[in-house]
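Undergrad: First the structure, which I've put down as structure tokens, then a few questions once you've had a look.
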Amino acid sequence: MKQFCLIGGLGFIGSHLAEKLLLSGEHVTIIDIIDKPQQSFIKDVKYFNHDYSDESFMHGILDKSEIVINLAYASVPKTSYDNPVEDIYTNLLNNVKLLETATHHNIEKIIYVSSGGTVYGHPRFLPITEEHPTNPVSPYGISKLAAEKYAIMYYLNKQLPVAVVRPSNAYGPGQKAFTGQGFVATAIASILEKKEINIFGENGTIRDYIYVSDLADAIIKVAYKGKAGEIYNIGSSIGKNNKEILNIINSFTAKNQMEPIINTLPSREFDVSKNILSWEKINCDTGWKPTTSLEKGMEKTVGWFIENYKNI
């Protein structure tokens, strides 16, 4: 059994990750800024309601941790546009502080959760491999990429065992809607609330969607089998545009007399039109591959929203 530390572990991805680790018998410590966590698994973890930017506090945590997974990020692409300076100060600075603090401890692996949907920018080829040029077009993508660069620098210069993962668009039960990130959750919630769903361009943008349970499995695989100093895409290698996603969702909501109200707007210059990730490298190094089809994942997600949405 390993001692895992999940920073930002009460978020959408972190919660699914924590549950999987607990089910496999691992010890889990979570650092987050949520005052009163509602997750049912909270009784089974060591939970600290604390900011991970506190270096003195983190020394005490890292001294007892073997594998650290950093999922914390205080912005999304839209808010990074609104305040790019705050994006740098809050996110990049805190990530570098964590790396520096970790050099004083005997950590087996640190995983930095980056963003495969933003660090690459406009694609030159599809599916995108880890060797694709990185030219992000949003402050969010730029700060994520800078945090990656610092992580690899600490690996090269101080032998800190860091690995980077770049997930595609995660979706699944428990995802919050209307946050500026997560088209699937916002689309389903909009259908339930009979709100318009904005898509930009005739069919919207093309994205690679990964079911959250598969994503959590991939991060765990990298924790155990991934190579330090490496970067791994986590995606499905399948691209769907917004209208195709809405059609799949509608196949499960129409039976409840709920259908999407689509508002088609002009394309936006800053949107990347296509983002589809290759998963060959992570499969080669760890054996992971996506196992949940888009249709099955959407069925589970829509079912969860219909059952739980009024209570969240």
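Undergrad: Mind telling me which of the residues LEU93, LEU6, LEU21 ends up being surrounded by 14 or more Cβ atoms within 10 Å (Cβ to Cβ), under 21 Å from the mean Cα position of the chain (by Cα) and part of a helix (DSSP H, G or I)? Before you say what the answer is, go through the steps one by one.
TA: Working: LEU93 fails: surrounded by 14 or more Cβ atoms within 10 Å (Cβ to Cβ); LEU6 fails: part of a helix (DSSP H, G or I).
That would be LEU21, the only listed residue that is surrounded by 14 or more Cβ atoms within 10 Å (Cβ to Cβ), under 21 Å from the mean Cα position of the chain (by Cα) and part of a helix (DSSP H, G or I).
Undergrad: In addition: For the range 34-52, which residues satisfy the criterion of being exposed (fewer than 13 other Cβ atoms within 10 Å of the Cβ) and either within 18 Å of PHE12 (Cβ to Cβ) or modelled with pLDDT under 95 (or both)? Reasoning before the result, please.
TA: Start the filter on the range 34-52 by keeping residues that are exposed (fewer than 13 other Cβ atoms within 10 Å of the Cβ), which leaves 35-36, 38, 40, 43.
Across the range 34-52, the qualifying residues are ASP35, LYS36, GLN38, SER40.
Undergrad: For the range 202-235, which positions are of a type in the set (D, E, K, R), touching a Phe, Trp or Tyr at 6+ places or on another chain (Cβ under 8 Å) and over 24 Å from GLN159 (Cα atoms)? Before you say what the answer is, go through the steps one by one.
TA: The first filter runs over the range 202-235 and keeps only residues of a type in the set (D, E, K, R), leaving 202, 207-208, 214, 217, 221, 225, 227, 230.
Checking which are touching a Phe, Trp or Tyr at 6+ places or on another chain (Cβ under 8 Å) leaves us with 207, 217, 221.
Within the range 202-235, ARG207, ASP217 qualify.
Undergrad: Right, another one. Tell me the residue from SER53, SER80 that is outside any helix (DSSP H, G or I) and closer than 21 Å to GLU148 by Cβ, please. Working first, answer last.
TA: Working: SER80 fails: outside any helix (DSSP H, G or I).
On inspection, the qualifying residue turns out to be SER53.
Undergrad: Can you report the number of residues in the range 164-204 which are β-branched (Val, Ile, Thr), over 25 Å from THR286 (Cβ atoms) and crowded, with 19+ Cβ neighbours inside 10 Å?
TA: Residues in the range 164-204 being β-branched (Val, Ile, Thr), over 25 Å from THR286 (Cβ atoms) and crowded, with 19+ Cβ neighbours inside 10 Å: 6 in total.
Undergrad: Can I ask one more? Can you tell me which residues in the range 229-245 are aliphatic (A, V, I, L, M) and touching a helix residue (DSSP H, G or I) at 6+ places or on another chain (Cβ under 6 Å)? Let's see the steps before the verdict.
TA: Our first condition is that a residue be aliphatic (A, V, I, L, M); within the range 229-245, this holds for 231, 234, 238, 245.
Matches in the range 229-245: ILE234 only.
Undergrad: Then there is this: Using the structure shown, decide if ILE88 is hydrophobic (A, V, I, L, M, F, W, C), in contact with a His (Cβ under 9 Å, 6 or more places away or on another chain) and in a helix (DSSP H, G or I). It would help to see each step written out before you state the result.
TA: Numbers: hydrophobic (A, V, I, L, M, F, W, C): yes; in contact with a His (Cβ under 9 Å, 6 or more places away or on another chain): no; in a helix (DSSP H, G or I): yes.
No: the conditions fail for ILE88.
Undergrad: Taking the range 177-200 as the region of interest, how many residues are assigned to a helix (DSSP H, G or I), under 20 Å from the mean Cα position of the chain (by Cα) and β-branched (Val, Ile, Thr)? Step through it out loud before you land on a result.
TA: Step one: filter the range 177-200 for residues assigned to a helix (DSSP H, G or I), giving 183-193.
Okay, now just the ones that are also under 20 Å from the mean Cα position of the chain (by Cα), so 183-189.
With the extra rule that they be β-branched (Val, Ile, Thr), the set shrinks to 184, 186, 188.
So the count comes out to 3.
Condition check ((1) of a type in the set (S, T, N, Q); (2) touching a Pro at 6+ places or on another chain (Cβ under 8 Å)) across all residues:
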site: GLY204; (1), (2): no, no
site: ASP217; (1), (2): no, no
site: ALA223; (1), (2): no, no
site: GLY226; (1), (2): no, no
site: GLU230; (1), (2): no, no
site: ASN241; (1), (2): yes, no
site: LEU246; (1), (2): no, yes
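Undergrad: Let me ask something else about it. For the range 240-270, how many residues meet the condition of being closer than 30 Å to TYR150 by Cα and surrounded by 14 or more Cβ atoms within 10 Å (Cβ to Cβ)?
TA: Let us first name the residues in the range 240-270 that are closer than 30 Å to TYR150 by Cα, namely 269-270.
Those left that are additionally surrounded by 14 or more Cβ atoms within 10 Å (Cβ to Cβ): none.
Matching residues across the range 240-270 total 0.
Undergrad: Now, a different point. What are the pairs with Cβ atoms under 7 angstrom where one residue, in the range 144-161, is buried (at least 18 other Cβ atoms within 10 Å of the Cβ) and the other, located anywhere, is among the β-branched types (Val, Ile, Thr) and at pLDDT below 95? Sequence gap at least six, or different chains.
TA: If the second residue must be among the β-branched types (Val, Ile, Thr) and at pLDDT below 95, the pairs left are LYS144/THR118.
Undergrad: Tell me, yes or no, whether the range 64-75 has at least one residue that is closer than 22 Å to GLY174 by Cα, in contact with a strand residue (DSSP E or B) (Cβ under 6 Å, 6 or more places away or on another chain) and charged (D, E, K, R). It would help to see each step written out before you state the result.
TA: Looking only at the range 64-75, we keep the residues that are closer than 22 Å to GLY174 by Cα, and these are 69-75.
Checking the rest, the ones that are also in contact with a strand residue (DSSP E or B) (Cβ under 6 Å, 6 or more places away or on another chain) come to 69-72.
If we keep only those that are charged (D, E, K, R) as well, we get none.
No; the residues of the range 64-75 include none that is closer than 22 Å to GLY174 by Cα, in contact with a strand residue (DSSP E or B) (Cβ under 6 Å, 6 or more places away or on another chain) and charged (D, E, K, R).
Undergrad: Further question on the same structure: Inspect the range 71-80 for any residue being of a type in the set (Lys, Arg), without any contact (Cβ under 8 Å) to a residue 60 or more places away in the chain and more than 15 Å from GLY9 (Cα to Cα) and give the result as yes or no. Walk me through how you get there before you give the answer.
TA: To start, the set of residues in the range 71-80 that are of a type in the set (Lys, Arg) comprises 78.
After this cut, where a residue has to be without any contact (Cβ under 8 Å) to a residue 60 or more places away in the chain as well, the list is none.
Taking every residue of the range 71-80 in turn, none turns out to be of a type in the set (Lys, Arg), without any contact (Cβ under 8 Å) to a residue 60 or more places away in the chain and more than 15 Å from GLY9 (Cα to Cα).
Undergrad: Which of the residues that make up the range 47-73 are closer than 17 Å to LEU93 by Cα and of a type in the set (Asp, Glu)?
TA: Within the range 47-73, ASP51, ASP54, GLU55 meet the criteria.
Undergrad: Name the strands (runs of 3 or more DSSP E) wholly within the range 109-176 that hold at least 2 residues that are in contact with a strand residue (DSSP E or B) (Cβ under 9 Å, 6 or more places away or on another chain) and among the aliphatic types (A, V, I, L, M)? Write out each step before concluding.
TA: Details: elements: 109-113, 162-167, 169-171.
By residue number, 109-113, 162-167.
Undergrad: Taking the range 222-278, which residues are among the β-branched types (Val, Ile, Thr), over 24 Å from VAL113 (Cβ atoms) and touching a Ser or Thr at 6+ places or on another chain (Cβ under 9 Å)?
TA: Of the range 222-278, the ones among the β-branched types (Val, Ile, Thr) are 222, 231, 234, 238, 245, 248-249, 253, 261-262, 264, 272, 276.
Still in the running and over 24 Å from VAL113 (Cβ atoms): 248-249, 253, 261-262, 264.
Selection gives ILE249, ILE261.
Undergrad: Across the range 291-310, what is the number of residues that are within 20 Å of GLY235 (Cα to Cα), of a type in the set (D, E, K, R) and exposed (fewer than 12 other Cβ atoms within 10 Å of the Cβ)?
TA: Final tally of qualifying residues: 2.
The values are calculated or read from the model by the stated rules, or taken from the named source; none is laboratory data. What you see is a predicted model; the values in this text were computed from it and never measured. For neighbour counting, all protein chains shown are included, and Cβ atoms are generated from backbone atoms with ideal geometry for every residue, glycine included.
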